[in-house]
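Asks: Before anything else, here's the structure in question.
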Amino acid sequence: MKRIAISLLLVTSLLFALACERKGGPSASNGTGTIVVGYYGDLSGRTSNFGQSTKEGVLMAADEINKAGGLNGRQVQILSEDDEGRPEKAATVVTKLIDQDKVVALLGEVASGNTLAAAPKAQGAKVPMISPSSTNPAVTQVGDYIFRVCFIDPFQGEVMAKFAANTLKAKKAAIMLDFNSPYSRGLTEFFEAAFKKLGGQIVNQQSYTQGDRDYKGQLTAIRSASPDVIYVPGYYGEVGVIAKQAQQLGIKAPLLGGDGWDATQLWELGGDALNGDFISNHYSVDDPSPAIQKFVADYQARYSKRPDALAALGYDAMKVLAEGIKKAGTTDGPKLRDAIAQTKDFAGVTGTISLDAQRNAVKPAVVLKLQDKKYIYQETIYPEGMGPQTKAAPAATTEAPGKAGN
Amino acid sequence: MDTFVQQLINGLTIGAIYALLALGYTMVYGILRLINFAHGDIYMVGAFAGFFLATQLGFAAGPSLVGLVIVLIGAMIIAALVGMAIERFAYRPIRKYARMTTLITAIGVSLLIENGFVAKLGAAPRAFPQLLQEQSYTLFGNAAISKSQILIFGVSIFLMLLLQWIIFKTKVGTAMRAVSFNLNSAKLMGINTDMIISVTFALGSALAAAGGVLTAQYNPQIDPLMGIITGLKAFVAAVLGGIGNIPGAVLGGLLIGLAETFVVGYGQNVGVPTTFRDAVAFAILILVLLFRPSGLLGSTVQEKV
């Protein structure tokens, strides 16, 4: 009898403890305490340059917010998780952040493939997630709790196609894509469509998979088609080596890429083989506008290096989230979601951020030329319905851009 | 035509690396009848040893031929020691048990090395310092060969000839052949078989490390998992050439390298996507096992009863 009583007592106390756990926690929606925000990214894998930069931007923004008195009188705390750049790991760490750490919102990932794996978890738990830099259109289509503060690939692919056709006067393009990456496949599709529409021709298309080491077979096939430009919408780890091997094969045509190239390791791998190549990106670190120069100076003071676009986007994502929490006055999921969705004309480092009905940011893109470890600003290309009002860009738009979105 | 020649050069380059690795598989198999699955990881260890030698000794700043020679030889010595240690501590204690036990141990050692490196150094790829001033030479038409490719051909041919000399012209080599013929009889003849097995592991590992450093010069990106696929393909190369047969390993390596490159270069014309490059080696493995299990140069050995 005594034994039964003891076990009953144990079971009830256990249930009680569980019940308390569910309700309590430091970040309960209407509580006081700190506001816990989850960050997940690749901190140790193949694309760890991405995750590290973004994290640095996020932490810097959070510190600035806390120094200025926090949000609604509460301090912000960033809990960071490493997904090693693997989609399945991204889903696991996001589940942990939501279930165990009870984060009120999530920031991440960079690579679209990883964000796509994690987004359904956030959507299911009604925890708003802002991706700083996943550009594949499918990311925010997962559901209405998923946002991003960057432009999307239909626009980015089109920007490069326009630059190639109008500025570089290219007629023949070859494409070398990362076969298993949604990011790379998306960009390929949109570049191809836009380039053909502008009268260009795709003369050869090759693919590789992440972790390949030898690209000479593909590059030799591309060389025999003698293209004017080669579009390589991949990530820095592979692209650096591709550029080097293209140079070894005597390929003179410039390589064109996207924001996936922007990482310091690109230069270690590619070296001077990258000179004369072009990328589309979210912002230019050399932009003279005071907002950008202040960010660059602060970042340099804090981390002793120049911020890449991903650091700037991480910073902006945190700031957009903070704005949403301020506006909502609560960290309650649905209310916070509604507040973030209303983001309009937010002055971020990477441009003015307004979220459209699909929760994507509508922003211009810049084209940069790679030269001796520097990104030299070429031109700014605006999406439809957005002119060069905010800054006086020299020789900015080429022509009325087509539809961005799908 | 020059595209074809170019693909031939590309294929032979990676083939030479596979050949260097396949030699290690084949030598160990010849002596112990063991497939040393950790061999691909020794290749990775060699590349990392080269990386740390280059950065610690200050050769990373710029191209230097002296640096390259020191890094290459240093990495080969380090890998040889690692290979001997693996044999001494992982394989020797269980040598008397069934062959399956050693095989599973080999897989375990492989996983241990890979994940040990990931845990210690992270999975992120590192850029290998360029010790060779890269330059391309045009052969004819558009076909180009780069300095690092010439280096790969030169060093691997030299090492293969050296290995041939060791095996056929030295006392150790004679002992190795004796052990591979029959371990127990060799022991009865007064050969220190443990020592000879150690030497075999050291030689194979040094060749793998040379492959690692040469690849890293050709393609400046190394990571702890780089040995998995390369190691598997080199194993296929050894089987294709006839496992246990040394010229066969070289032939197999070159053929796998060429097959892979031609699939990438011309596969699309006949509807084979470039992503099949890794599948090709394994398709070849299946065909070899089905139709010529002893490999191209291997001889069918009558199983002794």
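Every number in this text was worked out from the coordinates using simple rules, so none of it is lab data. Since this is a predicted model, take the numbers as computed values, not measurements. Here the Cβ is made from the backbone with ideal geometry for all residues, glycine too, and neighbour counts use every protein chain on show.
Asks: Residue by residue through A:80-87, how many Cβ atoms from other chains fall within 10 Å of the Cβ on average? Numbers along the way, then the final one.
Replies: Details: counts 0, 0, 1, 0, 4, 2, 1, 0.
Taking the mean over all residues of the peptide, I get 1.
Asks: Hey, another quick one. Using the per-residue mean of other Cβ atoms lying within 10 Å as a proxy for protection, in what order, highest first, do the peptides A:225-231, B:65-71 fall?
Replies: By packing density, highest mean first, the sequence is A:225-231, B:65-71.
Asks: Compute log10 of I(q)/I(0) for the protein assembly as shown with the Debye formula, placing one identical point scatterer on every Cα and leaving out solvent, at q = 0.06, 0.11 Å⁻¹, to two decimals.
Replies: Debye curve over Cα of the protein assembly as shown, log10 I(q)/I(0) at q = 0.06, 0.11 Å⁻¹: -0.42, -1.12.
Asks: Counting only C-alpha contacts under 8 Å and six or more residues apart, can you give the relative contact order of chain A as a whole percent?
Replies: Result for chain A is 16 percent.
Asks: Can you give the calculated 222 nm mean residue ellipticity of chain A, where each DSSP H run of n ≥ 4 adds -39,500 (n - 2.57) and the sum is split over every residue, rounded to the nearest 500 deg cm²/dmol?
Replies: Only helices count here, giving -13500 deg cm²/dmol.
Asks: Let me ask you something else. Name the residue, out of A:Lys305, A:Lys252, A:Lys326, whose mean-square fluctuation peaks in a Gaussian network model built on chain A with Cα pairs under 10 Å.
Replies: A:Lys305
Asks: Per q in 0.11, 0.15 Å⁻¹, report the Debye log10 I(q)/I(0) for chain A, using one uniform scatterer on each alpha carbon and no solvent.
Replies: Each listed q corresponds, in turn, to -0.76, -1.35.
Asks: For chain B, set up a GNM with springs between Cα atoms under 10 Å and report which of B:Gly24, B:Gly212, B:Gly108 has the largest fluctuation.
Replies: Residue with maximal mean-square fluctuation among B:Gly24, B:Gly212, B:Gly108: B:Gly108.
Asks: Say a paramagnetic label sat at a point 7 Å from the Cα of A:Asp144, along Cα to Cβ; which residues of the stretch A:335-359 have their backbone N under 18 Å from it?
Replies: A:335-344, A:355-359
Asks: Skipping prolines and chain starts, which residues have an amide H placed within reach, meaning under 5 Å, of the one on A:Lys374, given they are 5 or more residues away or on another chain?
Replies: none
Asks: Taking a quarter of the surface of the Cα convex hull of the stretch B:133-269, what do you get in nm²? Mind dumping the intermediate values first?
Replies: Details: hull surface 43.7 nm².
Average projection, Cα convex hull of the stretch B:133-269: 10.9 nm².
Asks: Quick check on chain A: of the DSSP beta bridges with both residues there, what percent are antiparallel, nearest 5%?
Replies: In chain A, DSSP labels about 35 percent of beta bridges as antiparallel.
Asks: Whose amide H sits under 5 Å from the amide H of A:Ile175, counting only residues 5 or more places off or on another chain, with H placed in the peptide plane?
Replies: Those lying under 5 Å, H to H, from A:Ile175 are A:Asn204, A:Gln205, A:Gln206, A:Tyr231.
Asks: Sticking with this structure for a sec: How far is it, in nm, from the label point at A:Asn166 to the one at A:Arg302 when both lie 7 Å from their Cα along the line to the Cβ?
Replies: Output for this residue pair reads 3.6 nm.
Asks: Sticking with this structure for a sec: Using the count of nearby Cβ atoms within 10 Å as a rough guide to exposure, how do B:Trp165, A:Trp261 rank from fewest to most?
Replies: Fewest-to-most Cβ neighbours within 10 Å comes out as B:Trp165, A:Trp261.
Asks: Quote the Stokes-Einstein diffusion coefficient, in whole µm² s⁻¹, for chain B, based on the Kirkwood radius over alpha carbon pairs, a temperature of 10 °C and a viscosity of 1.306 mPa s. Kindly include the intermediate steps, with their values, before the conclusion.
Replies: Working: Rh = 19.8 Å.
Answer from the Stokes-Einstein relation: 80 µm²/s.
Asks: Could you go through the stretch B:74-84 in sequence order and give the Karplus-derived ³J(HN,Hα) for each residue, using 6.51 cos²θ - 1.76 cosθ + 1.60 with θ = phi - 60°, rounded to whole Hz, and x for Gly and Pro?
Replies: In residue order, the calculated couplings are x, 5, 5, 5, 4, 5, 4, 5, 4, x, 5 Hz.
Asks: Separate question: What does the C-alpha gyration tensor say about the overall shape of the stretch A:122-187? Classify as rounded when a/c is under 1.5, otherwise prolate if a/b is larger than b/c, or oblate.
Replies: prolate
Asks: If you don't mind, another one. If contacts are Cα pairs under 8 angstrom and at least 6 residues apart, what is the relative contact order of the stretch A:96-177 in percent?
Replies: Here the relative contact order equals 23 percent.
Asks: Continuing with this model, one more query. Give me the net charge for the shell around B:Lys233: Cβ to Cβ below 11 angstrom, other residues only, Lys and Arg +1, Asp and Glu -1.
Replies: Result for the neighbourhood of B:Lys233: -1.
Asks: Under unit Cβ charges (Lys, Arg +1; Asp, Glu -1), what dipole magnitude, rounded to 20 debye, does chain B have relative to its Cα centre? Can you show the working numbers first?
Replies: Working: 17 positive and 10 negative charges, 196 e Å.
Computed about the Cα centre, the dipole is about 940 debye.
Asks: How much net charge surrounds B:Thr3 when only the other residues with a Cβ under 14 Å from the Cβ of B:Thr3 are counted, with Lys and Arg +1 and Asp and Glu -1?
Replies: Residues near B:Thr3 contribute +1 overall.
Asks: While we're looking at this one, here's another question. Among B:Leu57, B:Leu240, B:Leu225, determine the one that fluctuates most according to a GNM of chain B built with springs between C-alpha atoms less than 10 Å apart.
Replies: In the Gaussian network model the winner is B:Leu57.
Asks: Now for a separate question. Report, in whole Å, the centroid distance computed from the Cα atoms of the stretch B:4-38 and the stretch A:59-75.
Replies: Going from one Cα centre to the other spans 58 Å.
Asks: Right, next: Of all chymotrypsin sites (Phe, Trp or Tyr not before Pro) in the stretch A:280-314, which ones are in loop regions per DSSP and have a Cβ with at most 14 other Cβ atoms within 10 Å? Don't skip to the end; give the middle numbers.
Replies: Working: sites: A:Tyr283, A:Phe295, A:Tyr299, A:Tyr303; in loops: A:Tyr283.
For chymotrypsin sites (Phe, Trp or Tyr not before Pro) across the stretch A:280-314 that sit outside H, G, I, E and B with at most 14 neighbouring Cβ atoms in 10 Å, the list is empty.
Asks: Given contacts defined as C-alpha pairs under 8 Å and at least six residues apart, what's the relative contact order of the stretch B:20-226, whole-number percent?
Replies: Working: 288 pairs, mean separation 87.4, N = 207.
Reported relative contact order: 42 percent.
Asks: Using only DSSP helix segments of four residues or longer, with each worth -39500 (n - 2.57), what per-residue ellipticity at 222 nm results for chain B after dividing by its residue count and rounding to 500?
Replies: So the calculated ellipticity at 222 nm is -23500 deg cm²/dmol.
Asks: Please turn the phi angles of the stretch A:70-86 into ³J(HN,Hα) values with the Karplus equation 6.51 cos²θ - 1.76 cosθ + 1.60 (θ = phi - 60°), one per residue in order, whole Hz, x for glycine and proline.
Replies: In residue order, the calculated couplings are x, 10, 6, x, 10, 7, 9, 10, 9, 9, 10, 10, 9, 9, 6, x, 10 Hz.
Asks: Same structure, new question: Roughly what % of DSSP beta bridges within the protein assembly as shown run antiparallel, to the nearest 5?
Replies: Working: 22 of 51 bridges.
Looking only at bridges with both residues in the protein assembly as shown, the antiparallel portion is about 45 percent.
Asks: Using a 10 Å cut-off on Cβ to Cβ distances, tally the other chain neighbours for every residue of A:216-228 and report the average as a whole number.
Replies: 6
Asks: Same structure, new question: Along the charge dipole of the protein assembly as shown, which of B:Asn182, A:Gln300, B:Leu258 sits closest to the positive end, that is, farthest toward it, with unit charges on the beta carbon of Lys, Arg, Asp and Glu (+1, +1, -1, -1)?
Replies: The residue sitting farthest along the positive end of the dipole is B:Asn182.
Asks: Once you have the Kirkwood Rh of the stretch A:233-312 from its Cα pairs, apply Stokes-Einstein at 10 °C and 1.306 mPa s and quote D in µm²/s.
Replies: Values: Rh = 13.6 Å.
For the chosen part, D equals 117 µm²/s.
Asks: Then there is this: Classify the stretch A:153-281 as rounded, prolate or oblate, taking a ≥ b ≥ c as the square roots of the eigenvalues of its Cα gyration tensor: rounded when a/c is under 1.5, otherwise prolate if a/b is larger than b/c and oblate if not.
Replies: rounded
Asks: Tally Lys and Arg at +1 and Asp and Glu at -1 over the other residues with C-beta under 14 Å from the C-beta of A:Gly186: what net charge comes out?
Replies: On the way: positive: A:Arg148, A:Arg185; negative: A:Asp153, A:Glu158, A:Asp178, A:Glu189, A:Glu192, A:Asp259.
That sum, taken over residues with Cβ under 14 Å, equals -4.
Asks: For B:Lys187, go through the lysines and keep the ones whose alpha-carbon is under 28 Å away, minus same-chain ones fewer than eight residues off.
Replies: Here the lysines satisfying the reach criterion relative to B:Lys187 are B:Lys96, B:Lys169, B:Lys171, B:Lys304.
Asks: Mind checking A:239-251 for the average number of partner chain beta-carbons within 10 Å of each residue's beta-carbon?
Replies: 4
Asks: Moving on to the next point. Please list, in chain and number order, the residues 5+ apart from A:Val110 or on another chain whose amide H is under 5 Å from its amide H, with Hs placed from the backbone.
Replies: When sequence neighbours closer than 5 places are left aside, the close amide H contacts are A:Asp42.
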